[in-house]
Amino acid sequence: MTKNFGLSLCTYFTRRSERRTARLTLAICVAGSAGMGNAQEKPPDSRGPDRTTTTAVGAMENRRRTKVIPNGNDEGTQSPRCHAADESYLDAPAGGLPPHLARIKNEGNYLFKHGQFGDALEKYSQAIDGCAQAGISNPEDLCILYSNRAACYLKDGNSADCIEDCTKALQLQPFFLKALLRRAMAYETLERYSKAYVDYKTVLQIDTGVQAAHDSVHRITRMLIEQDGLEWREKLPEIPTVPLAVQREHREKPASVQQAQARAARALQEEARRKESRLSVLKHEGNGLVKEGHFEDALHKYSQCLALKPDDCALFTNRAICLLKLSRFQEAKQDCDSALRLEPANKKAFYRRALAHKGLQDYLSASGDLQEVLQLDPNVKEADQELLEVTALLRQSLMDDAAHT
């Protein structure tokens with residue numbers, strides 16, 4: 001009985017540790033409007049709904065504590081714009097907002113970008129209240145303001161208010177990607193895994209390229225299996241179907257600079273992965289052809305490999321084998337030269353270049369390369385035997401030259 005209880009207790013703490021690790025490692029690229037693009041959100045050290053949710057007031061009070069400013073006086077923390085020489089960014093257009101509200105929103109974006117999330121939250125709240133007072137009900141502008149304020153709540157660890165603002169944003173603009181991402185993250189931080197899973201899967205219907213959502217789905221799936229067993233899918237809330245028009249609109253929407261950079265980076269990674277996969281297949285085929293004695297075909301495979309990866313020393317030495325077998329000694333020497341430029345102490349390259357020199361009847365150079373091999377590794381018996389043979393050929397060559405003079 002005691003033993004079983006001990007094992008259960010150990011299992012409980014192990015699983016609790018895994019969940020806590022997942023929360024601590026959660027990082028999703030969530031983006032705001034202008035000035036809030038693709039920031040990576042980190043959840044707080046959550047121990048459940050009650051401990052995770054903090055008040056925005058407390059977060060703001062922390063940011064109002066005094067600090068030493070450059071003139072040496074202790075004053076309240078000032079907004080970055082007080083020190084900014086150029087405030088023209090404040091007058092930039094912001095959707096359909098009137099100039100005075102656009103200015104408040106732009107200031108919130110600037111504060112958020114510079115890590116002053118409590119102050120940014122106040123600005124977004126002012127803009128939201130200003131819209132209500134002015135009778136502005138443009139769903140797109142209000143959606144962005146709520147989504148931006150949700151990002152501030154999320155940064156300050158206030159997951160409950162983040163969820164509330166994201167839900168308001170989504171009521172204004174269903175399937176707004178950033179609001180879905182932020183709400184999913186807040187749900188996961190609060191260990192409300194089913195709701196987080198639904199939001200992440202909705203995000204992936206809109207944009208399959210959001211890698212952070214893929215990673216989170218895999219992580220949450222493990223949590224749900226542990227929590228609900230193999231029937232976990234049956235207990236999920238319904239995942240909404242994103243209309244094709246919304247998916248198409250998202251694809252056709254002009255990308256921000258950050259989004260364009262992220263897509264370009266993903267494209268480069270995918271291209272590198274395809275090249276590596278193709279390279280592996282070609283190299284494997286080339287090695288098989290060498291074993292079967294089909295050196296001409298193998299030569300072609302290694303040449304294709306080098307077109308994909310021209311700085312791979314092993315590919316040059318492999319192709320040199322084929323060239324040696326085909327008695328194309330000058331080309332074999334050139335490949336060994338290329339290999340040695342990449343790896344100056346590569347004994348295979350020295351050995352195969354020695355064989356190429358031998359085929360070209362340059363016995364002195366062959367002897368020098370074989371001695372390099374034996375200096376790098378005295379146990380290479382083939383090099384020792386070749387050196388004896390090359391030395392004999394060199395001696396005979398010198399004797400023949402002497403006889404003709």
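The values are calculated or read from the model by the stated rules, or taken from the named source; none is laboratory data. Since we're looking at a predicted model, the values are computed, not measured. With ideal geometry, Cβ positions are generated from the backbone for all residues, glycine too; neighbour counts draw on all protein chains shown. The accessibility values were calculated without ligands, DNA or RNA, using every heavy atom of the protein model including side chains. Shrake-Rupley method; radii C 1.70, N 1.55, O 1.52, S 1.80 Å.
Would you check if there is a residue in segment 304-311 being open to solvent by less than 90 Å² (accessible area, probe 1.4 Å), farther than 19 Å from R341 by Cα and out of contact with any helix residue (DSSP H, G or I) (no Cβ under 8 Å at 6 or more places or on another chain)? Scanning segment 304-311, I find no residue that is open to solvent by less than 90 Å² (accessible area, probe 1.4 Å), farther than 19 Å from R341 by Cα and out of contact with any helix residue (DSSP H, G or I) (no Cβ under 8 Å at 6 or more places or on another chain), so the answer is no. In segment 106-120 there is at least one residue that is in contact with a Phe, Trp or Tyr (Cβ under 8 Å, 6 or more places away or on another chain), open to solvent by 30 Å² or more (accessible area, probe 1.4 Å), over 22 Å from F175 (Cα atoms) and in the same structural domain as A179 (by the TED database).
Checking the condition open to solvent by 70 Å² or more (accessible area, probe 1.4 Å) and under 16 Å from L323 (Cβ atoms), which residue from L360, L376, L342, L398 passes?
From the options L360, L376, L342, L398, the qualifying one is L360.
Out of E164, E107, E188, one residue alone is acidic (D, E) and within 25 Å of the chain's Cα centre (by Cα). It is E188. May I ask you to verify whether R182 is basic (K, R) and surrounded by fewer than 17 Cβ atoms within 10 Å (Cβ to Cβ)? Spelling it out, it is not the case that R182 is basic (K, R) and surrounded by fewer than 17 Cβ atoms within 10 Å (Cβ to Cβ). The set of residues in segment 132-162 that are more than 22 Å from M185 (Cβ to Cβ) and buried (at least 20 other Cβ atoms within 10 Å of the Cβ) contains only D141.
Can you pull out every residue in segment 334-353 that is touching a Leu at 6+ places or on another chain (Cβ under 8 Å) and either closer than 16 Å to L374 by Cα or not in a helix (DSSP H, G or I) (or both)?
A345, N346, K347, A349, F350, Y351, R352, R353
Conditions (1) aromatic (F, W, Y); (2) in the same structural domain as A383 (by the TED database); (3) closer than 21 Å to A383 by Cα, marked per residue:
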residue: A272; (1), (2), (3): no, no, no
residue: K283; (1), (2), (3): no, no, no
residue: F295; (1), (2), (3): yes, no, no
residue: Q304; (1), (2), (3): no, no, no
residue: C322; (1), (2), (3): no, no, yes
residue: K325; (1), (2), (3): no, no, yes
residue: K347; (1), (2), (3): no, yes, yes
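Taken as a whole, the condition of being surrounded by 19 or more Cβ atoms within 10 Å (Cβ to Cβ) and in contact with a strand residue (DSSP E or B) (Cβ under 9 Å, 6 or more places away or on another chain) applies to V210.
Residue check: L279 meets all listed conditions (1) within 30 Å of Q211 (Cα to Cα); (2) open to solvent by 40 Å² or more (accessible area, probe 1.4 Å) but one, namely (2). Look at segment 190-207: where a residue is without any contact (Cβ under 8 Å) to a residue 24 or more places away in the chain and a partner is among the hydroxyl-bearing types (S, T, Y) and part of a helix (DSSP H, G or I), sitting 6+ places away or on another chain with Cβ atoms under 7 Å, you get D199/Y187; Y200/S216.
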